[in-house]
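Below is one structure, written out as structure tokens; the observations come after it.
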Amino acid sequence: MECEDINRNSNHNLLTDSSKRQRVDGVSELVQFNGPTYGATSQYSGRSFIPIKSSMHTFHSEEVKAEGHTLYTPLLDDTLLNIRIVEQITFESGLYHIGSSTGAYERNSEGYTIMLWKYSEKLNKIFVSRSILFTSREEYWAVRSRLELM
């Protein structure tokens, strides 16, 4: 299983260039993506909600179990994730268990997860408060790129 993370308490430069060279009729042109170039996460600090659209490729779990035994159920409604209250965000890819909306196991599927970690003062430990599974790479990268801009 592949894993990466973003520590919300750091100030790493995540994106440094929003331009790309593109060939048009054999000539190289500079194409500007939407928006200005952002060099650090601090410029997005005022935005703390990330929308997650429900689709047939999006699942979630609030009970993440060890060793890949988590059962993901369909995300039935569009959701806003409050990133301000999250300590750390991790990204993983692998094979996951998918269930029905009632929680019955249906199948295994390859996908990509975004795990939101919180700290519990009561338990004195960090834990995964929510995990979002995407079986569509495009939907996963759309959400992940917004997270990396924060």
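Here's how it looks for TYR96: its modeled amide H is under 5 Å from those of SER109, GLU110, GLY111, which are all 5 or more places away or on a different chain. Given a 1.4 Å probe and every protein chain left where it sits, what share in percent of the accessible area of segment 54-99 is carbon and sulfur? C and S fraction of accessible area: 52 percent.
Phi-derived couplings, Karplus 6.51 cos²θ - 1.76 cosθ + 1.60 at θ = phi - 60°, listed residue by residue for segment 104-113: 8, 4, 10, 6, 9, 8, 6, x, 10, 10 Hz, with x used for Gly and Pro. Between TYR105 and SER48, full extension at 0.36 nm per residue minus the direct alpha carbon distance yields a gain of 17.2 nm.
The values are calculated or read from the model by the stated rules, or taken from the named source; none is laboratory data. Quick caveat, the model's predicted, so the values are computed rather than measured. Please note that ligands, DNA and RNA were not included when accessible areas were found on the heavy atoms of the full protein model with its side chains. Shrake-Rupley method; radii C 1.70, N 1.55, O 1.52, S 1.80 Å.
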